[in-house]
Amino acid sequence: MRDLPFGLVRVLDEAGQAVGPWNPRLEADTLREGLRAMLLTRAFDERLFRSHRQGKTSFYMKSTGEEAIGVAQSMMLGREDMCFPTYRVMGWLHARGYPLIDMVNQIFSNANDPLKGRQLPILFSARDYGFYTLSGNVGSRFGHAVGWAMASAYRGDDKIALAYIGEGTTAEGDFHEALTFAAVYRAPAVLCVTNNQWAISSYSGIAGGEETTFAAKAIAYGLPGLRVDGNDFLAVWAATEWAAERARSNLGTTLIELFTYRASGHSTSDDPTKYRPADEAAHWPLGDPVERLKGHMIALGEWDEARHAALIETLDTQVREAVKTGEAVGTLGKSKPSVAEMFEGVFKEPDWRVVEQRRELGI
Amino acid sequence: MPAMNMIQALNHALDVMLARDPDVLIFGEDTGYFGGVFRVTDGLQAKHGLKRCFDAPISEGGIIATAIGMGAYGLRPVAEIQFADYILPAFDQLVSEAARLRYRSAGEFWAPITVRSPYGGGIFGGQTHSQSPEAIFAHITGLKTVIPSNPYDAKGLLIAAIEDDDPVVFLEPKRLYNGPFDGRHDQALKTWAGDPRAEVPEEHYTVPLGKAAIEREGADATVLAYGTMVHVAAAGIAESGVDAELIDLRSIVPLDIETIVASVRKTGRCVILHEASRFGGFGGELAALVQERCFYHLKSPIERVAGWDTPYPHAFEWDYFPGPARLAKALARCMER
Ligand SMILES: Cc1ncc(C[n+]2csc(CCOP(=O)(O)OP(=O)(O)O)c2C)c(N)n1
Ligand SMILES: [Mg+2]
């Protein structure tokens, strides 16, 4: 097991065949569902990124090139489990059918925003979809996953927690603290490092990625570490299944490094050509996760180009309609929830300061 | 004298100090090759080399801890924290270490570090790219807290901060990076071009820490502000029609108490404006000081205009941001007495 953090778990080979001991042997319907959710994630990203360019929102972040991760893990884990996301795993929600219109309304911070206009676009919260509340500060929820998992064990439940952290953010104390607690208390958790090679403008070496692998950080904490091809839907699925089974059988936490590539800029505020070759994404040796799953399904005889093109068309229409509905409610600055919402939810019951300040604003 | 925006002025200060003092080093997240997400360190690595200006891992605690170690050794590190909202993971390093090294070692060790960080709202940055945390630093004895409001001061104050032998938290009002902003968000964006405060000398100069600037003289009330709110205050004063004196504190620790007291004794009224939420904000300290020192000169109660006591809410940017109209109202209230 000590060599797993230095290898790379892969299932899909260059010819699109599923090979080797990690093959999860998924049904064709599951593959089709995975492909659909990945394509939906991509279509949604493309269109909402454009909405930002048109001034309809203040901010957006894409997960282009990393769609297999959120989607496979969302599908694999149970509805009772909790994911502690980063901003780059929106595929988790798309795979679970989170309503597109709710996402659009949140991104536009309009009157129907499920988060009441209080949070930056895409920093969702969706408890019913197993999606813990996001925040702009990176890393700080990694330990929450361990605490959540410990609480589940304490209650005798069999729910597990899965958390994400970017490879750049493994430099924060949060990462190391979470691993220590996870090991000491044998928490039923799956802790994932999404190594997309970049942290805004710094390559993974700035986070220590040239000294060892991120999966190998597990060794020092006495945890198993898996290094997985994050652009291989089947490999992500299989590794997660393995780790989830360990967690549910009381064997504790697994650290999974998902080796992938951030194909787009960091966010709408970023211009990646300032610090990396513009065509780097095209040369990423592990390919595009969507193309790889598609190739596999075609090789199996379960998919074809015509169906693929039709699916893209359908998904884009769905996204377009959701955006249109959201725009009809209003985009950023054109529509917002009642200003009273600004004062709600600071505490369970408002104290006098908030009461007085609301009165001062006349609402 | 060249006209510079605040980003260029800060870049210039760093450039001057890198050239003058081999002990000055600059690091932070994305500050090296890329030149910082707000471009403040742009070109410095290319010009001064990898050893003088480099990228740090994403670890604010690590950044400040290593800066303190370097500072204790004898260097003058300038650390950038990408957003002031993200200083908090380094809070213990600032509070228990940087601020106390000199005192607890009876002068054997000290850390002449500068921690630069963009702060403040007005940019639709949501809860974690908009906060104004100055009061929590001001509360820590042993830390200095400096906040410029224009390019000229930004360069001079940053050089003074770097040359200072104590730790300085240097908060940069990000809404002022590219131009003055008076809170009237529905008006056309202004740049610094043509503003006399944007004429920045190329050479080394300092603006001393602890010296306020009288931005506008007036007879009937004193408005205390810093950072972005200096511009909002100017607009609010104009809107109110009150002949108010506007004081730009420039640094809140050390605080120029003489200038404040002299002004309030002259005008007899005081309004404090800050963007941070009101309760426990720095305005409370200012109000107490003014009350203690100017009580018999006051003609009306001291007023505080500040952000509401809520987190910074994305959709409600302009409902939260204390704009000129709220200041004008407070000034009018003072004048009724
Ligand atoms: C505590 C904190 N520090 C800094 C930032 C600014 N920041 C936002 S994203 C980011 C890069 C994160 O890189 P990585 O962890 O690799 O995740 P990725 O964006 O690649 O998915 C940084 C530095 C932040 N949001 N929070
Ligand atoms: Mg990354």
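The values are calculated or read from the model by the stated rules, or taken from the named source; none is laboratory data. Values in this document were obtained by computation on a predicted structure and should not be read as measured data. Here the Cβ is made from the backbone with ideal geometry for all residues, glycine too, and neighbour counts use every protein chain on show.
Condition (residue is closer than 26 Å to A:VAL89 by Cα, modelled with pLDDT of 95 or more, touching a Ser or Thr at 6+ places or on another chain (Cβ under 7 Å) and facing chain B (nearest Cβ under 10 Å)) applied to the stretch A:342-363: is it met by at least one residue?
no
Given the criteria closer than 16 Å to A:MET1 by Cα and within 16 Å of ligand 1 (Cβ to nearest atom), does A:ALA178 qualify? No. Can you find a residue that is surrounded by 24 or more Cβ atoms within 10 Å (Cβ to Cβ), within 16 Å of the chain's Cα centre (by Cα), more than 16 Å from ligand 2 (Cβ to nearest atom) and at pLDDT 95 or above anywhere in the stretch B:88-104? Checked the stretch B:88-104: no residue is surrounded by 24 or more Cβ atoms within 10 Å (Cβ to Cβ), within 16 Å of the chain's Cα centre (by Cα), more than 16 Å from ligand 2 (Cβ to nearest atom) and at pLDDT 95 or above.
In a strand (DSSP E or B), out of contact with any Ser or Thr (no Cβ under 6 Å at 6 or more places or on another chain) and more than 12 Å from chain A (Cβ to nearest Cβ) - does that describe any residue in the stretch B:261-272? Checked against the condition, which is being in a strand (DSSP E or B), out of contact with any Ser or Thr (no Cβ under 6 Å at 6 or more places or on another chain) and more than 12 Å from chain A (Cβ to nearest Cβ), the stretch B:261-272 yields at least one hit. One residue stands out among those in the stretch B:66-81 that are of a type in the set (Gly, Ala, Ser) and surrounded by fewer than 18 Cβ atoms within 10 Å (Cβ to Cβ): the one that is farthest from the other protein chains (Cβ to nearest Cβ), which is B:GLY74. Scanning the stretch A:193-208 for residues that are near ligand 2 (Cβ under 10 Å from one of its atoms) and outside any helix (DSSP H, G or I) returns A:VAL193, A:THR194, A:ASN195, A:ASN196, A:GLN197, A:TRP198, A:ALA199, A:ILE200, A:SER202, A:TYR203.
Against the definition (in the same structural domain as A:THR253 (by TED's automatic domain parsing), touching a residue at least 60 places away in the same chain (Cβ under 8 Å) and either away from ligand 2 (no atom under 16 Å from the Cβ) or within 16 Å of the chain's Cα centre (by Cα) (or both)), how does A:ALA126 come out, yes or no?
On the way: in the same structural domain as A:THR253 (by TED's automatic domain parsing): yes; touching a residue at least 60 places away in the same chain (Cβ under 8 Å): no; either away from ligand 2 (no atom under 16 Å from the Cβ) or within 16 Å of the chain's Cα centre (by Cα) (or both): yes.
Spelling it out, it is not the case that A:ALA126 is in the same structural domain as A:THR253 (by TED's automatic domain parsing), touching a residue at least 60 places away in the same chain (Cβ under 8 Å) and either away from ligand 2 (no atom under 16 Å from the Cβ) or within 16 Å of the chain's Cα centre (by Cα) (or both).
If you go through the stretch A:265-283 and keep only what is more than 14 Å from chain B (Cβ to nearest Cβ) and either crowded, with 19+ Cβ neighbours inside 10 Å or more than 15 Å from ligand 1 (Cβ to nearest atom) (or both), you end up with A:ALA278, A:ASP279, A:ALA282, A:HIS283. Of everything listed in (1) near ligand 1 (Cβ under 10 Å from one of its atoms); (2) of a type outside the set (Lys, Arg); (3) at the interface with chain B (Cβ under 9 Å from one of its Cβ atoms); (4) not in a helix (DSSP H, G or I), the single unmet condition for A:TYR164 is (3). Of the residues B:ALA233, B:ALA198, B:ALA225, the single one that is among the hydrophobic types (A, V, I, L, M, F, W, C) and surrounded by fewer than 24 Cβ atoms within 10 Å (Cβ to Cβ) is B:ALA198. Going by the conditions given, is A:ALA149 more than 16 Å from ligand 1 (Cβ to nearest atom), assigned to a helix (DSSP H, G or I), in contact (Cβ under 8 Å) with a residue 12 or more places away in the chain and more than 13 Å from chain B (Cβ to nearest Cβ)? Answer is yes for this residue.
I'd like the full set of residues that are in contact with a Gly (Cβ under 9 Å, 6 or more places away or on another chain) and assigned to a strand (DSSP E or B), limited to the stretch B:155-189. Result: B:LEU171, B:GLU172, B:PRO173.
Only residues that are farther than 14 Å from A:LEU48 by Cα, free of Cβ contacts under 8 Å to residues at least 40 places away in the same chain and of a type in the set (D, E, K, R) were counted in the stretch A:74-121, giving 1. Please go through the stretch A:1-14 and give me each residue that is surrounded by fewer than 22 Cβ atoms within 10 Å (Cβ to Cβ), at pLDDT 95 or above and within 22 Å of A:HIS308 (Cα to Cα), ordered by number. Within the stretch A:1-14, just A:ASP13 meets the criteria. Exactly one residue out of A:THR317, A:THR331 is at pLDDT 95 or above and crowded, with 17+ Cβ neighbours inside 10 Å, and it is A:THR331. Based on this model, can you work out whether A:MET342 counts as in contact (Cβ under 8 Å) with a residue 40 or more places away in the chain, closer than 13 Å to B:ASP309 by Cα, in a helix (DSSP H, G or I) and touching a Phe, Trp or Tyr at 6+ places or on another chain (Cβ under 8 Å)? Answer is yes for this residue.
Could you run through the stretch A:117-139 and say how many residues are more than 8 Å from chain B (Cβ to nearest Cβ), assigned to a loop (DSSP other than H, G, I, E, B) and out of contact with any strand residue (DSSP E or B) (no Cβ under 8 Å at 6 or more places or on another chain)?
Number of matching residues: 3.
Applying the criterion of at least 2 residues that are within 16 Å of ligand 2 (Cβ to nearest atom) and crowded, with 24+ Cβ neighbours inside 10 Å to the helices (runs of 4 or more DSSP H) found wholly in the stretch A:32-114 leaves A:67-76. Does B:ALA111 count as in contact (Cβ under 8 Å) with a residue 24 or more places away in the chain, crowded, with 23+ Cβ neighbours inside 10 Å, closer than 27 Å to A:ASP174 by Cα and within 16 Å of ligand 1 (Cβ to nearest atom)? No: the conditions fail for B:ALA111. For the stretch B:37-63, the tally of residues that are outside any loop (DSSP other than H, G, I, E, B) and within 12 Å of chain A (Cβ to nearest Cβ) stands at 7.
Residue-by-condition table, conditions (1) more than 23 Å from the chain's Cα centre (by Cα); (2) within 14 Å of chain A (Cβ to nearest Cβ):
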| position | (1), (2) |
| --- | --- |
| B:ARG278 | no, yes |
| B:LEU298 | yes, no |
| B:THR310 | no, yes |
| B:PHE316 | yes, yes |
| B:TYR320 | no, yes |
| B:ARG326 | no, yes |
| B:MET335 | yes, no |
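Here is a yes/no grid of residues against (1) within 12 Å of ligand 1 (Cβ to nearest atom); (2) under 19 Å from A:PHE84 (Cβ atoms); (3) not assigned by TED's automatic domain parsing to the domain that holds A:LEU35:
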{"residue": "A:ASN196", "(1), (2), (3)": "yes, yes, no"}
{"residue": "A:SER202", "(1), (2), (3)": "yes, no, no"}
{"residue": "A:ALA220", "(1), (2), (3)": "no, no, no"}
{"residue": "A:PHE233", "(1), (2), (3)": "no, no, no"}
{"residue": "A:VAL236", "(1), (2), (3)": "no, yes, no"}
{"residue": "A:ALA243", "(1), (2), (3)": "no, yes, no"}
{"residue": "A:ALA247", "(1), (2), (3)": "no, yes, no"}
{"residue": "A:ARG262", "(1), (2), (3)": "yes, no, no"}
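Note on the stretch A:167-176: among residues that are crowded, with 20+ Cβ neighbours inside 10 Å and not in a loop (DSSP other than H, G, I, E, B), the one that is farthest from ligand 2 (Cβ to nearest atom) is A:ASP174. Exactly one residue among B:ALA212, B:ALA235 is among the aliphatic types (A, V, I, L, M), modelled with pLDDT of 95 or more and touching a Pro at 6+ places or on another chain (Cβ under 7 Å), and that residue is B:ALA235. Need pairs with beta-carbon distance below 9 Å; first residue farther than 12 Å from B:ASN150 by Cα and within the stretch B:1-15, second of a type in the set (Ser, Thr, Tyr); sequence gap 6+ or separate chains. Here the result reads B:ASN11/B:THR41; B:LEU14/B:THR41, each pair linking the stretch B:1-15 to a residue that is of a type in the set (Ser, Thr, Tyr). Candidates are the residues of the stretch A:236-264 that are farther than 21 Å from A:VAL71 by Cβ and small (Gly, Ala, Ser); the one that is surrounded by the fewest Cβ atoms within 10 Å (Cβ to Cβ) is A:SER249.
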